[in-house]
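All remarks here apply to the structure that follows.
The values are calculated or read from the model by the stated rules, or taken from the named source; none is laboratory data. As the structure is a prediction and not an experimental result, all values here were calculated from the model. Cβ placement follows ideal geometry from the backbone for every residue including glycine, while neighbour counts extend to all protein chains displayed. We work out accessible area using only protein heavy atoms, side chains counted, and drop any ligands, DNA or RNA first. Shrake-Rupley method; radii C 1.70, N 1.55, O 1.52, S 1.80 Å.
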Amino acid sequence: KRQVGDYHGFKKPFDEFVEKYEVSDIEVGNFKSIGKREGKVFGLFIKVGKMDCLMPISLMPTNFIERIKELKESSEIYIKIHKIDTDNENITLKLANAKEMKLHLWERKGKNIKKGDRLKGVIIYVIKSGYFIKLDCGLEGVLHNSKIKGKLTLEKLQTIEVKVLEVNKKNQKISFEL
């Protein structure tokens, strides 16, 4: 049976989702709400594209469950597509782990970074030999002390602009100079 939308090229969010994603894909979703039944949390609703998806509490790590009340609407969450139920048009998600998130970032953002780029970032770690910088795009790199011109004093959580010295896409490493 055809619906009005069929005549105007309209696709249901589920149909658009299955055309674009498959099981095990890593993506960024936006937190929508906490799912509760009879006062008990059963999961999170997360929007991926135009589709509202469910991340059941049974697929969440304990340390994440303890912090779900801190989530703000539209907060970005790295997710992994766990199951696509075509019969009921439901999507089940789970959290992407740190390795999966890093790979996702490199596939999406790393390809655009090149030697000589000037980028803003935040110092996230201070070590003897230099600093770890987290760029606005989410990727991290190293600023070695020997690559800092002048006598600057840098501190953790300070925002700085760095110049990309080298991008090693194979090993997913970026080095900077200042």
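Please state the charge dipole magnitude for region 37-121, taken about the Cα centre, from unit charges on C-beta atoms (+1 on K and R, -1 on D and E), reported in debye and rounded to the nearest 20.
So the magnitude is around 700 debye.
Need the list of aspartates and glutamates near Lys47 for cross-linking: C-alpha distance under 18 angstrom, and skip anything on the same chain fewer than eight residues off.
Those aspartates and glutamates meeting the cut-off are Asp15, Glu16, Glu19, Glu22, Asp25, Glu27, Glu70, Glu73, Glu76, Asp85, Glu89.
Mind grabbing the accessible area of Ser58 for me, 1.4 Å probe, Å², rounded to tens?
The accessible area comes out at roughly 100 Å².
Amide H neighbours of Phe42 under 5 Å, at least 5 residues apart or on other chains, H built in the peptide plane: list them.
Gly35, Lys36, Arg37
So I have (i) -0.59, -1.04, -1.18, -1.33; (ii) -0.78, -1.14, -1.21, -1.28; (iii) -0.88, -1.11, -1.17, -1.23, and one of them is log10 I(q)/I(0) by the Debye sum over Cα atoms at q = 0.14, 0.18, 0.19, 0.20 Å⁻¹ calculated from this model. Which one is it?
Matching entry in (i) -0.59, -1.04, -1.18, -1.33; (ii) -0.78, -1.14, -1.21, -1.28; (iii) -0.88, -1.11, -1.17, -1.23: (iii).
Which of the GluC sites (Glu not before Pro) found in region 90-178 are in a DSSP loop and have at most 16 neighbouring Cβ atoms, other than their own, within 10 Å? Walk me through the intermediate numbers first.
Values: sites: Glu100, Glu107, Glu140, Glu155, Glu161, Glu166, Glu177; in loops: Glu155.
For GluC sites (Glu not before Pro) across region 90-178 that sit outside H, G, I, E and B with at most 16 neighbouring Cβ atoms in 10 Å, the list reads Glu155.
Between helix 98-108 and the chain, what is the angle of the helix's C-alpha long axis to the longest principal axis, kept within 0 to 90° and rounded to the nearest 10?
Value to nearest ten degrees: 80.
Which percent of the accessible area of the chain is formed by carbon and sulfur heavy atoms (probe 1.4 angstrom)?
Answer for the chain is 49 percent, counting heavy atoms of protein chains only.
Going down the list Lys11/Lys120; Lys32/Lys173; Lys20/Lys94; Lys72/Lys147; Lys120/Lys170, which pairs span over 28 Å between their C-alpha atoms? If you can, show how the numbers build up before the last one.
On the way: Lys11/Lys120 39 Å; Lys32/Lys173 33 Å; Lys20/Lys94 18 Å; Lys72/Lys147 39 Å; Lys120/Lys170 23 Å.
Long pairs (Cα-Cα over 28 Å): Lys11/Lys120; Lys32/Lys173; Lys72/Lys147.
Among Val122, Asn145, Ala98, pick out the residue whose Cα is farthest towards the positive end of the charge dipole of region 68-150, where Lys and Arg carry +1 and Asp and Glu carry -1 on C-beta, about the Cα centre.
Asn145
Compute the separation of the alpha-carbon centres of region 68-129 and region 24-44 and state it in Å as a whole number.
Their Cα centres are 17 Å away from one another.
For the chain, with every protein chain kept in place, what is the accessible area per residue (1.4 Å probe, Å²)? Can you show the working numbers first?
Working: 12090 Å² over 178 residues.
For the chain, the solvent-accessible area averages 68 Å² per residue.
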